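The block underneath contains the structure these notes are about, expressed in structure tokens.
The values are calculated or read from the model by the stated rules, or taken from the named source; none is laboratory data. What you see is a predicted model, and the numbers here were worked out from it, not measured in a lab. Positions of Cβ are generated from backbone atoms using ideal geometry, with glycine treated the same way; all protein chains shown enter the neighbour counts.
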Amino acid sequence: MDRLRMMWWIVLVVLGMDVGVADAQEVACLLQPSTVVALSSPAEGILETVSVERGALVQEGQVLATLESSLERAAVAVAKAKAEAESALQGTQAKLEFSTRKLIRAEDLSQKQTLSQHELDEAKTERVLAEANRLEARENRRLAELELQRASASLALRTVRSPITGVVVERLLSPGEAVKLTPILKLARVDPLRVDVFVPLVWWGKLFVGMQADVIPEAPISGVYRATVTEVGRVLDAAGGTVAISLELPNPGLRLPAGIKCTARFAMP
């Protein structure tokens, strides 16, 4: 519905029709990070390294901290050795090939009636057992590969990576401290920024998602920036006579800081 309203308003403007645009209306606003993350570790342990400080810029996927993981690395090494072991598999393969050749000879001698039925049964049984051993070796190899995956996943949990591209707001723990599902770092995404605005109740119904507004940061920041309405509050504040809305403001190059006051200018239809 909001999109249809916006499209209809644009069509009227293009056709040169009166859309009832009044003078621009200005309200106070606040620039906020679009996302704030209290970053922790899914595993418990002793913090070994923290590679960033407050104010550092980080990229999504970047390693920010690690936990002590000597036990997990050893488990990965053992599991890798088992998964890459070839001796058991090669031994069972050799036994299977030998028993296959022996059975072929036994069947040939049996047809010539120079081999007893008992000896033929033994050759057949040996062939079946060799095949079972070969299958068991393959299953053990597969289990070793799965164990390597489990050990590698456990080791990966000891490395803490950034889930967003943003800035370090605060470092809460240092190397040597215990991590028990407690935050290590606090991160904020500041591109784009979120603009929080409380507008008068009389504006209800005149604002819609996709509508644009000019945002003017307070001094010492200068300039006028274009933001887009992303959310119009559905719960009105009758006591305060306001309704909350949110806008999204692109911030390439992080030229604008979060946490600064601003003025939002709307052209009310």
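May I ask you to verify whether residue 151 is in a helix (DSSP H, G or I), touching a residue at least 60 places away in the same chain (Cβ under 8 Å) and not charged (D, E, K, R)? Yes, satisfied. Restricted to segment 215-224, and to residues there that are surrounded by 12 or more Cβ atoms within 10 Å (Cβ to Cβ) and more than 16 Å from residue 34 (Cα to Cα), the residue that is modelled with the lowest pLDDT is 221. Evaluate segment 118-130: report whether one residue or more is modelled with pLDDT under 75 and hydroxyl-bearing (Ser, Thr, Tyr). No, segment 118-130 has no match at all. Restricted to segment 19-63, and to residues there that are within 30 Å of residue 226 (Cα to Cα), part of a loop (DSSP other than H, G, I, E, B) and β-branched (Val, Ile, Thr), the residue that is modelled with the highest pLDDT is 21.
Among residues that are in contact with a Pro (Cβ under 6 Å, 6 or more places away or on another chain) and surrounded by fewer than 16 Cβ atoms within 10 Å (Cβ to Cβ), residue 250 is included.
A single member of 195, 209, 229 is touching an Asp or Glu at 6+ places or on another chain (Cβ under 7 Å), in the same structural domain as residue 53 (by TED's automatic domain parsing) and not polar (S, T, N, Q), and it is 209.
Is it the case that segment 190-206 has a residue that's in a loop (DSSP other than H, G, I, E, B) and in contact (Cβ under 8 Å) with a residue 12 or more places away in the chain? Outline the logic, then answer.
Step one: list which residues in segment 190-206 are in a loop (DSSP other than H, G, I, E, B), which gives 204-206.
Now narrow it down to the ones that are in contact (Cβ under 8 Å) with a residue 12 or more places away in the chain: 204, 206.
Yes, segment 190-206 contains a residue that is in a loop (DSSP other than H, G, I, E, B) and in contact (Cβ under 8 Å) with a residue 12 or more places away in the chain.
Applying the set (1) more than 30 Å from residue 262 (Cβ to Cβ); (2) not in a strand (DSSP E or B) to residue 163 leaves exactly one unmet item: (1). Restricting attention to segment 225-240, the residues being loosely packed, with under 12 Cβ neighbours inside 10 Å and under 17 Å from residue 198 (Cα atoms) number 5.
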